[in-house]
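Asker: Quick one: the structure is below, and I'll ask about it shortly.
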Amino acid sequence: MTTLRLVVILCLLLPPAGVARLAAQTEYAIGRQDVIAINVWEQPALSTKYIVDLDGTFTFPMIGRVTAAGLTPQQLEAELRRRLDGRFLKNPQITVSVEQYRSQRVFVIGDVKQSGPLPLSRPMTLILLAIIAVAVSFGVAGVVNATKAHHAAEKGKTAPAGQAAPAAAP
């Protein structure tokens with residue numbers, strides 16, 4: 001029951017576009033507070049990690065403020081290439097990857113041991129989110145017990161003693 005409530009809460013908290021993006025694991029759009037790694041071939045001074053500021057930008061050497069929020073890593077690569085090519089570098093080879101997904105998080109609330117924000121570490125499905133939230137709240141034993149109770153309920157049986165999902169501490 002706790003797991004079901006948690007899944008319902010997660011569905012209600014995520015906007016429909018966010019649920020679809022997580023479920024399909026389509027191309028990720030960089031967000032505020034994400035940590036991005038930029039590698040410029042043969043330019044170690046430019047190849048480092050950057051944190052996207054709250055305004056959606058970060059400061060890149062030689063070209064200044066660059067808007068990253070809302071762009072995919074490939075779109076950001078193209079923008080950096082466009083701004084560096086010719087002025088500072090000849091045909092720069094750039095790769096961008098997201099190191100930490102800090103801009104998206106869900107809030108675990110309800111009948112759980114520990115509620116609060118849970119950052120998304122990468123694009124993931126809603127089911128995986130629910131499993132992680134249960135693990136954070138109840139530990140691995142809680143995930144195993146919740147899974148056994150869920151399977152027993154699907155088969156129309158009651159879960160054996162000690163197999164039900166743990167309840168929140170009073």
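Just so it is clear, none of the values below were taken in a lab; they were calculated from the coordinates. These numbers come from a predicted model, not from an experiment. Glycine also receives a Cβ, built like all others from the backbone with ideal geometry; neighbour counts cover every protein chain displayed.
Asker: Once the Cβ-Cβ distance between T95 and D53 is put in as r, and R0 is 22 Å, what FRET efficiency do you end up with, to the nearest 0.05?
Answerer: 0.55
Asker: Only sites in a loop by DSSP and with at most 16 other Cβ atoms within 10 Å count here; which chymotrypsin sites (Phe, Trp or Tyr not before Pro) in region 51-109 make the cut?
Answerer: Those satisfying the criteria are F88.
Asker: Moving to a separate point now. Let me know the volume per residue of the alpha-carbon convex hull for region 35-100, in Å³.
Answerer: 74 Å³
Asker: Are there trypsin sites (Lys or Arg not before Pro) in region 28-120 that DSSP marks as loop and that have at most 13 other Cβ atoms within 10 Å, and which are they?
Answerer: Qualifying residues, ordered by number: R87, K90.
Asker: Taking K and R as +1 and D and E as -1, what net charge do the other residues with C-beta under 13 Å from the C-beta of L84 add up to?
Answerer: Net charge around L84: +1.
Asker: Please compute the length gained on full extension between T72 and S115, using 0.36 nm multiplied by the number of residues separating them and subtracting their Cα-Cα distance.
Answerer: 12.4 nm
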